[in-house]
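Notes follow the structure.
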Amino acid sequence: MELIKVVDLKKQYGEAIVTPVLFGLNFKINAGEFVAIMGPSGSGKSTLMHILGFLDTATSGKYLFAGENVSEFDDDKLARNRNQKVGFVFQAFNLLPRTTVFENVKLPLVYSDIAGEKEKKEKTDTAIKSVNLEHRSDYRTSQLSGGEKQRVAIARALVNDPAVIFADEPTGNLDSKSGSQIMEILEKLNNNGKTIILVTHEHDTARHAKRIIHLKDGRIISDEMVADRKKASDGLFK
Amino acid sequence: MTLYYTIKDSLENLRTNKIRTFLTLLGMVIGISSVIIIMSVGAGAQSLILNQIKGVGSNLIAVFPGASDENGPPAAVMGITVTTLKYEDSLALMEKSNVTHIIDAAAYVRGTATISWQNRNTDTSFNGTTYNYNSVEDAEVELGRFFSFDEEKSLARVVVLGSQVADDLFLGADPLGENVKIKKEMFKVIGVMKKRGVVSFQNQDDQVFIPLTTAQKILLGINHVSFIRAKIDDEKNIEQTKEEIALTLRERHNISDPSQDDFSVRSANQAMDVLKTVTSALSYFLAAIAALSLIVGGVGIMNIMLVAVNERIKEIGLRKAIGARPKNIMMQFLTETVVISLSGGIAGVIVGALVSFAIAFTAKILNYDWDLIISVFSLILATGFSVLVGLVFGIYPSFRAAKMDPIEALRYE
């Protein structure tokens with residue numbers, strides 16, 4: 001099933017002095033894929049992720065998400081899509097400090113239409129369990145290790161059962177052991193059918209994906225399946 | 001997003017910055033408690049003043065010599081001596097045919113003098129009055145008797161002492177039958193008044209009473225009176241009686257045009273109305289000044305909220321990334337501001353009430369007839385105002401947070 005389709009997608013910043021960032025991208029991503037968007041800094045990979053994740057809008061071109069034309073969405077609909085259709089995992093974790101693991105994971109539900117406190121708790125517990133952090137549920141996030149923090153972030157991204165998980169350099173702030181744990185979780189999620197879009201500048205990390213879209217200077221220079229795919233159990237940085 | 005969640009979140013954020021929250025609250029606490037205290041003290045002082053006037057008696061009508069504007073003070077109050085009012089005027093007022101609801105009317109002259117007995121003396125004020133003083137003023141004699149109508153007529157040199165004068169001069173000895181000296185004239189003590197305390201801001205126990213004519217002829221050398229007090233049967237007949245008194249006096253003084261009146265007729269109610277207006281205006285004015293400090297408190301809150309927004313840029317970015325809409329962010333910060341200002345307001349109400357209570361307590365100890373009055377209105381006003389301050393001064397910081405670009409906010413270090 002075709003989940004994401006991008007046609008001649010362009011993005012530029014500024015009005016008086018125009019800085020083009022993306023020059024007419026075209027690609028499709030099907031449901032259940034594990035795609036790495038790779039490129040050096042300044043290649044436009046973050047901008048692309050922001051557009052795909054409803055955080056930013058394209059200057060021109062088409063972006064269809066599950067058949068819907070995203071460029072026609074208003075701010076409220078973009079916010080609702082961010083809440084329900086996608087989940088983000090950031091390099092810097094971006095957890096709320098001084099707040100428990102449970103509260104952090106629950107946060108997206110606060111902005112959702114789910115009214116029942118019981119349903120929220122069930123969903124939150126399920127998400128925490130899927131990253132094996134049940135025993136840390138009542139811990140404050142400041143008491144956790146980096147790897148655990150990123151697992152909390154993944155649980156938070158999962159809590160609304162979104163169609164896509166965007167992971168932006170998810171292992172960037174982690175040691176190799178914690179990093180491979182995170183990649184293992186992402187692989188597992190993908191094996192269970194979740195679409196994963198991984199943004200990274202590291203070739204080794206990108207090789208965990210099934211497919212790599214290589215960006216440079218705002219253009220796709222290659223888009224190919226990974227032949228020698230890496231498994232997290234092999235270790236991240238051998 | 002539920003209000004419950006937002007409030008819980010705000011309290012959590014405020015708790016993590018205890019000192020800052022406390023200092024921010026302080027501005028509100030001072031402002032709100034000042035308003036409460038000033039309104040309470042104002043109301044307490046007002047009731048004190050009104051009780052004093054009420055002590056004179058609300059069924060009393062006073063007649064002063066000299067014309068006056070209806071709402072201004074009588075000329076006599078300004079220290080101008082007007083001689084148009086006579087003892088015979090008071091007699092005329094006591095005729096039921098002239099004044100329907102009259103019970104009694106007493107005439108007064110006043111002066112101050114040194115009164116001495118043996119080698120002791122004390123400065124006090126003397127009242128030359130008529131024999132029916134006690135009936136008009138609801139006063140009573142403790143020892144001996146008051147002077148009679150005959151004594152009043154016959155220039156008798158008798159005196160009735162106020163209880164404090166008796167204490168000061170006789171130090172517990174029996175004053176009855178003793179001779180005291182007032183302005184070099186000897187007077188025989190025939191009675192001591194019962195203790196009355198302070199009425200109308202005058203110590204009723206620190207004065208002596210002598211017959212009106214004696215005071216006029218022997219001590220003062222005049223033949224007019226300072227004022228007349230008339231007691232009527234019921235407060236509700238005040239307006240009618242005032243009119244009848246005026247008619248009687250005009251006839252006696254040969255006045256046909258009311259604008260040429262050489263006297264003024266006043267009731268305690270009138271004075272009370274004027275004082276009520278003045279004291280209310282004063283306390284509202286002071287409360288308004290205190291309310292100004294709330295604006296200062298509000299600016300403090302706005303300042304701290306701008307800091308809070310800047311500190312939490314990343315958090316705002318994250319919340320937006322996981323689906324918070326601008327209005328959710330707006331609500332979050334606005335709620336936080338109102339929670340600060342409202343808790344400051346509530347603390348201010350408590351502090352204000354406690355201080356008002358302490359003031360009332362102290363005033364009672366100092367023997368003032370002080371009521372603790374904290375009006376519901378002032379509580380509602382203070383609480384409402386603190387919410388308003390939170391809303392007004394929270395809008396700008398909240399708006400800034402709400403319109404933040406999530407991508408830039410997430411990138412912010």
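The values are calculated or read from the model by the stated rules, or taken from the named source; none is laboratory data. Just so you know, these numbers come straight off a predicted model, no measurement behind them. Cβ: placed from backbone, ideal geometry, glycine included. Neighbour counts: every protein chain shown. The area values use the complete protein model at the heavy-atom level, side chains included, leaving out ligands, DNA and RNA. Shrake-Rupley method; radii C 1.70, N 1.55, O 1.52, S 1.80 Å.
Here are the numbers for the structure shown:
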quantity	calculated
Meets criteria (closer than 27 Å to A:Asp75 by Cβ, part of a helix (DSSP H, G or I) and free of Cβ contacts under 8 Å to residues at least 12 places away in the same chain) for B:Glu315	yes
Test for B:Phe361: is it in the same structural domain as B:Thr24 (by TED's automatic domain parsing), farther than 18 Å from B:Gly345 by Cβ and without any contact (Cβ under 8 Å) to a residue 40 or more places away in the chain	yes
Residue match in the stretch B:175-190 (condition: among the aromatic types (Phe, Trp, Tyr) and touching a Ser or Thr at 6+ places or on another chain (Cβ under 7 Å))	no
Residue that is farthest from A:Val152 (Cα to Cα), among those in the stretch A:109-124 that are of a type in the set (A, V, I, L, M, F, W, C) and buried (at least 20 other Cβ atoms within 10 Å of the Cβ)	A:Val110
Residue under evaluation B:Tyr368, criteria (1) at negative phi; (2) open to solvent by less than 10 Å² (accessible area, probe 1.4 Å), criterion not met	(2)
Strands (runs of 3 or more DSSP E) wholly inside the stretch A:125-238 that include at least 1 residues being at pLDDT 90 or above and open to solvent by 60 Å² or more (accessible area, probe 1.4 Å)	A:211-216, A:219-225
Condition met for B:Arg266 (outside any helix (DSSP H, G or I), in contact with a Pro (Cβ under 8 Å, 6 or more places away or on another chain), within 17 Å of B:Ala62 (Cα to Cα) and not assigned by TED's automatic domain parsing to the domain that holds B:Gly27)	yes
Restricting the stretch B:104-153 to residues that are part of a helix (DSSP H, G or I) and hydroxyl-bearing (Ser, Thr, Tyr), the residue that is least open to solvent (accessible area, probe 1.4 Å)	B:Tyr133
Flag for B:Ala308 being assigned to a loop (DSSP other than H, G, I, E, B) and within 14 Å of chain A (Cβ to nearest Cβ)	no
Scan of the stretch B:60-76 for residues that are over 20 Å from the mean Cα position of the chain (by Cα) and either at pLDDT below 70 or open to solvent by 60 Å² or more (accessible area, probe 1.4 Å) (or both), ordered by number	B:Ser68, B:Asp69, B:Glu70, B:Pro74, B:Ala75, B:Ala76
Selection from the stretch A:97-108 of residues that are open to solvent by 10 Å² or more (accessible area, probe 1.4 Å), part of a helix (DSSP H, G or I) and in contact (Cβ under 8 Å) with a residue 40 or more places away in the chain	A:Lys106
Members of the stretch A:43-78 found to be away from every other protein chain (no Cβ under 14 Å), surrounded by 17 or more Cβ atoms within 10 Å (Cβ to Cβ) and among the polar types (S, T, N, Q), listed by number	A:Ser43
Test: A:Pro40 is at the interface with chain B (Cβ under 10 Å from one of its Cβ atoms) and open to solvent by 30 Å² or more (accessible area, probe 1.4 Å)	no
So A:Glu103, is it acidic (Asp, Glu) and more than 11 Å from every other protein chain (Cβ to nearest Cβ)	no
Subset of the stretch B:1-41 [of a type in the set (Gly, Ala, Ser), more than 14 Å from chain A (Cβ to nearest Cβ) and either open to solvent by less than 30 Å² (accessible area, probe 1.4 Å) or over 35 Å from the mean Cα position of the chain (by Cα) (or both)]	B:Gly27, B:Gly31, B:Ser33, B:Ser40
Enumeration of residues in the stretch B:260-283 that are without any contact (Cβ under 8 Å) to a residue 24 or more places away in the chain and either farther than 19 Å from B:Ile228 by Cβ or loosely packed, with under 14 Cβ neighbours inside 10 Å (or both)	B:Asp273, B:Thr277, B:Val278, B:Ala281
B:Ala156 vs. criteria part of a helix (DSSP H, G or I) and crowded, with 17+ Cβ neighbours inside 10 Å	no
Any chance A:Ser137 is in contact (Cβ under 8 Å) with a residue 12 or more places away in the chain and either within 25 Å of B:Lys314 (Cα to Cα) or touching a Ser or Thr at 6+ places or on another chain (Cβ under 8 Å) (or both)	yes
Criterion violated by B:Gly57 - all others in (1) open to solvent by 20 Å² or more (accessible area, probe 1.4 Å); (2) at pLDDT below 80 satisfied	(1)
Within the stretch A:109-124, tally of residues that are away from every other protein chain (no Cβ under 11 Å), assigned to a helix (DSSP H, G or I) and either more than 20 Å from the chain's Cα centre (by Cα) or not hydroxyl-bearing (Ser, Thr, Tyr) (or both)	5
Checklist (1) of a type in the set (D, E, K, R); (2) closer than 24 Å to B:Gly221 by Cβ; (3) modelled with pLDDT under 90 applied to B:Glu140, failing item	(2)
Conditions (1) part of a loop (DSSP other than H, G, I, E, B); (2) at the interface with another protein chain (Cβ under 7 Å from one of its Cβ atoms): number failed by A:Ala92	(2)
Hits in the stretch B:312-346 - residues which are touching a helix residue (DSSP H, G or I) at 6+ places or on another chain (Cβ under 6 Å), open to solvent by 20 Å² or more (accessible area, probe 1.4 Å) and of a type in the set (D, E, K, R)	B:Arg325
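Condition check ((1) open to solvent by less than 30 Å² (accessible area, probe 1.4 Å); (2) over 30 Å from the mean Cα position of the chain (by Cα)) across all residues:
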site: B:Val199; (1), (2): yes, no
site: B:Pro211; (1), (2): yes, yes
site: B:Glu235; (1), (2): no, no
site: B:Thr241; (1), (2): yes, no
